[in-house]
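The structure appears below as structure tokens.
The values are calculated or read from the model by the stated rules, or taken from the named source; none is laboratory data. Predicted, not measured: the structure shown is a model, and the values here were computed from it. Counting neighbours? That spans all protein chains shown, and the Cβs are built from the backbone with ideal geometry, glycine included.
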Amino acid sequence: MNIWIIMIIIMALSLVIQQTLQSRFNKYSKVGLPSGMSGAEVAQKMLRDHGIYDVKVVPASGMLTDHFNPQTKTVALSEGVYASRSVAAAAVAAHECGHAVQHAYGYAPLRMRSALVPVVSFASNIVQWILLAGVLMINIFPGLIWIGIILFASSTLFSFITLPVEINASTRAISWLTQSGITDGQTRPMAIDALKWAAYTYVVAALGSLATLFYYIGIARRD
């Protein structure tokens, strides 16, 4: 199959998944938790239940900007999650705390991803320029495009290492939400559904990065 067709399919899937994720989040944001806890309270309880007392839960501006920062040891929850008492908020808050639990317990894929961050940060600043120059100068300096490909490959590797990290965080979140009684038989499937669609975004991103990598490899090998 032509690489362009594959990339178009991936872009279409990404759009569908993003729209579906937003739809699910909006839907489950209207469903209250049986416990009546806010996203911040859910996060604080999950951290305490796992014996983590040095991580703070703080509000963050924006929509779906939730994240865990291991450097500052903070779980940042967006405006639609921090104070919300919905199923969606609980799922997102527990997922981000899942990353804090991974960090505290030394989860191997998370350590690998963290080790790659400096490399990927450096590569992302220059890789597009090197690839562009490599394409334009392929007949003069054929090795340049391969330098760009190696740099881009680090980002692709990062995307694939991210998959088990995100899936594991969601698994930890659902397990804890169930065991702690935060969700019940009616709300648990909603939390699972919300996190499932969030995970799909990382899958599509990884596939898109891999397709782009193959595209540039194809250009280089045609030289």
Quick one: count up the residues across segment 169-191 that are in contact (Cβ under 8 Å) with a residue 60 or more places away in the chain and in a helix (DSSP H, G or I).
10
When you scan segment 101-111, do you find a residue that is of a type in the set (Phe, Trp, Tyr), surrounded by fewer than 19 Cβ atoms within 10 Å (Cβ to Cβ) and at pLDDT 95 or above, even just one?
yes
Select from segment 12-28 the residues that are within 28 Å of Lys56 (Cβ to Cβ) and either over 20 Å from the mean Cα position of the chain (by Cα) or hydrophobic (A, V, I, L, M, F, W, C) (or both) and list them in ascending order.
Leu21, Phe25
Scan segment 33-51 and give yes if some residue there is without any contact (Cβ under 8 Å) to a residue 40 or more places away in the chain and part of a strand (DSSP E or B), otherwise no.
no
Determine, yes or no, whether Met63 is in contact with a helix residue (DSSP H, G or I) (Cβ under 7 Å, 6 or more places away or on another chain), touching a residue at least 12 places away in the same chain (Cβ under 8 Å) and either farther than 18 Å from Asp184 by Cα or in a helix (DSSP H, G or I) (or both).
yes
Identify the residue in segment 180-223 that is of a type in the set (Gly, Ala, Ser) and under 21 Å from Ser124 (Cα atoms) and, among all such residues, is farthest from the chain's Cα centre (by Cα).
Ala220
Every residue from segment 55-97 that is surrounded by 14 or more Cβ atoms within 10 Å (Cβ to Cβ) and of a type in the set (Gly, Ala, Ser)
Ala60, Ala76, Ser78, Gly80, Ser84, Ser86, Ala88, Ala89, Ala90, Ala91, Ala93, Ala94
Test Thr201 against the stated conditions and say whether it is hydroxyl-bearing (Ser, Thr, Tyr) and not in a helix (DSSP H, G or I).
no
